[in-house]
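Have a look at the structure below before the remarks.
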Amino acid sequence: MTSISVIIPYYQREPGILRRALDSVYAQDLAGHDVEVDVVIIDDESPSPPEIEVDGLNRDGFSIRILRQSNGGPSKARNTGLDAATGADYVAFLDSDDLWRPAHVATGLSLLERGAQIYFCDSQYSETETWFRGLDCIDRLVAASDPQGDEGYLISKQKLLPLFIESCLAHTSTVIFDYAAIPDVRFDVSQLTAGEDYLFWLCILQHTDLAAYSRQVLSDRGRGIDLYRSALDWNNPECVKRLYYALRLHEKIKHRYCETPEQKRHVGEKITLLRRGIAYLFMRNFLRHPKPNAWVLSRLAIHDFASILLLPVNMLITARQKLAGKVEFPIG
């Protein structure tokens, strides 16, 4: 029998959000697979308690555990879940406000059983957009892959890693990986509001030979508390912190994973754009939100002093872009 642990970090204020996620787990169509599903909920000091969300859930082969930790964010919570997944063959991730469609786990297992160590799929990102549809490299991804009938595709690490460096191809709630083969990789807890999942996938890929994916939309993004999405608005005082964490993310990618001049150039362009975004928000928030600015400035002094040296130039560039109505929104 195959065992799979489903790790769900939990911090929500509104009751019912987690229950919808759990209902989607319990509704998985696992015909043809002899599977035990262990759902591990990590309560990150959630204002809305998880106990009321699990009441009445019952299905043969499914179990639920609730673990608790002091509030430390989703990366720490996922690491707590990974530490508790001892004995599992596979680990799947699901954010507490996201949903799985019924074929997600079965599709992932079918591909993983063909030798892949990590699987991901497309997800519905908004009412009109999916995750894959927003990426420029999907056609190149498919061209580099081996079709596996209706289930999806297999692709070697050597072909996938350059595309993953270009774009984060996987959203957290779409990933299942071979935990028995790769039990020791953990999330970077220093990436609080951007990039911890991206770094995790890249690290997993370094330990793989073969990956798998499906172009089917098998996951849906929810609308609960999300630290990353809540800081996307430039009017949000915390947006400058998100750009800082995104900057740190791409610096780590450049130094740890880029192997060719083209990869370094591509990631370097993202770093330049993020530095300009931070400079723009420093000017925009100078009087209204000085504390986040000061926090980011203190971190840049330690981790990326080049950003401070480039501040005058980047402020001038972004001021001119603003006057011309061409300020670019930095990627995160």
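The values are calculated or read from the model by the stated rules, or taken from the named source; none is laboratory data. What you see is a predicted model, and the numbers here were worked out from it, not measured in a lab. Glycine also receives a Cβ, built like all others from the backbone with ideal geometry; neighbour counts cover every protein chain displayed. These accessible areas exclude ligands, DNA and RNA; they are computed on the full protein's heavy atoms, side chains included. Shrake-Rupley method; radii C 1.70, N 1.55, O 1.52, S 1.80 Å.
Here are some notes:
- Within the stretch 248-317, the trypsin sites (Lys or Arg not before Pro) that combine a DSSP coil assignment with at most 15 other C-beta atoms in a 10 angstrom radius are Arg288.
- Furthest towards positive pole of dipole, Trp201, Ser156, Val189, structure part the chain, Cβ charges: Val189
- Sparse-neighbour loop sites [GluC sites (Glu not before Pro); the stretch 259-332; at most 16 other C-beta within 10 Å; DSSP]: Glu259, Glu328
- Carbon + sulfur, % of accessible area of the chain - ligands and nucleic acids excluded, 1.4 Å: 53
- Potential extension, Arg256-Asp34 segment - 0.36 nm per residue separation minus Cα distance: 76.1 nm
- Solvent-accessible surface of protein heavy atoms, probed at 1.4 angstrom with all chains present, puts His266, His303, His104 in the order His303, His266, His104, largest first.
- For the stretch 269-327 versus the stretch 5-73, the spacing of their alpha-carbon centroids is 40 Å.
- Loop sites in the stretch 96-165: trypsin sites (Lys or Arg not before Pro), DSSP, at most 15 other Cβ within 10 Å: Arg114
- Packing, taken as the mean count of other beta carbons within 10 Å per residue, orders the peptides 150-156, 25-31, 57-63 from highest to lowest as 150-156, 25-31, 57-63.
- The mean sequence distance of close C-alpha pairs (under 8 Å, at least 6 residues apart), as a share of the length of the chain, puts its relative contact order at 17 percent.
- Cut-off under 5 Å, modelled amide H: who pairs with Gly73 long-range: none
- Nearest-20 debye value, the chain charge dipole, Cβ charges on Lys, Arg, Asp, Glu: 2080
- The residues of the chain expose on average 45 square angstrom of accessible surface per residue, using a 1.4 Å probe on protein heavy atoms.
- Ellipticity estimate at 222 nm from DSSP helix runs (n ≥ 4, -39,500 (n - 2.57)) divided over the chain, nearest 500: -12500 deg cm²/dmol
- Between the listed residues Tyr125, Ala143, Ile278, the Cα displaced farthest toward the positive end of the dipole of the chain, a dipole computed from Cβ unit charges relative to the Cα centre, is found at Ile278.
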